[in-house]
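Since every read-out is calculated from the coordinates, none of them should be taken as a lab result. Bear in mind the structure is a predicted one, so any value in this text is a computation, not a measurement. Reconstructed Cβ throughout: ideal geometry from the backbone, glycine too, with neighbour counts over all protein chains shown.
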Amino acid sequence: MTTSNILIPMDLYEEIVEMRRQGRRGALATIINVRGSIPSFNTAKMLVRDDGSIVGTIGGGCVEAEVWQAAREVMEEEKPRTLTFNLNQNPRYDTGLVCGGTLEVYVEPVMPIPHLYLFGAGHVATNVYRFARLAGFDVSVVDDREAYANRERFPEAREVYSEDFERAVERITPNESTYLVIVTRGHRDDMRVLRWAVGTSARYIGMIGSRRKVLSIYRELEKEGFTAAQFERVMAPIGLEIGAVTPEEIAVSIVAEMIAAKRNAEATLVHKRYSRSRTSLEENIHPEENEPASPSAGE
């Protein structure tokens, strides 16, 4: 555990903002309750970054060391916890000072701002952009049509890429806080983007289309050497099953599914996993079926 200089609270909050902008995670520990004498004060704060370094202090010693370890676990689990330390009864917490109190420390995760890359800029994409921003996502848009991928249509997007999809992805490096939504205007473009997406560390990958289209794309990519396991984390057909029909409704279902991924609501998403659904898809999709077309993502 390494320690930086103690910063004033405003500096600590500025550090949190900067970390989130950089796509980094951490955990913030705050003393929330004090009884008796302790080597610190109520509301003292310590920020633990994802590289193990810290900003601020809650008093040092074994208490701080245990809080540091808990902070590492909190940022991995993405769930807060409260720790209680009785300095009276445990000799391990002897700091050399006259301390005989009890303190509670609240440790909460500091998560990066989720970053959505929208592949496609048609009807569905414009609505996903709107709702995703309302839900707290930064949004970047990629489309090979300048008439669609522009600042007039996406004025508050972080980035707008108006170029071929394969060239655009060369400049994109997804991480654990990245969400990829594939809603291009054609199956071939969807497949080109998915071919790249499954090799990234993105937190969420979703692709629009009917069950027939999704399965046909998986089969084409398997012929190229991709495995079923690589498609396990792809949400396709994209969006929670709410009976959505219009572009606006489809966008709501997509953003809702992204939020489920963000909040680790695995029970909501598990039915989409390819390896678990492939058998039922193959059993239920036959060439003679007149399956409805998938919603149009492009224009």
* Asked: By the scheme Lys and Arg +1, Asp and Glu -1, what is the net charge of all other residues having a beta-carbon under 15 Å from that of Glu76?
  -> 0
* To do: Could you list which residues have their amide H under 5 Å from that of Val141, counting only those 5 or more apart in sequence or on another chain, with H placed in the peptide plane?
  => Leu118, Glu159, Val160, Tyr161
* To do: Starting with the fewest neighbours, write out Asp51, Asp164, Asp138, Asp190 ranked by other beta-carbon atoms found within 10 Å of each beta-carbon.
  => Asp51, Asp164, Asp138, Asp190
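What is the Cα convex hull volume of segment 117-169 when expressed per residue in Å³?
Working: hull volume 3.2 nm³, N = 53.
Looking at segment 117-169, the number lands at 60 Å³ per residue.
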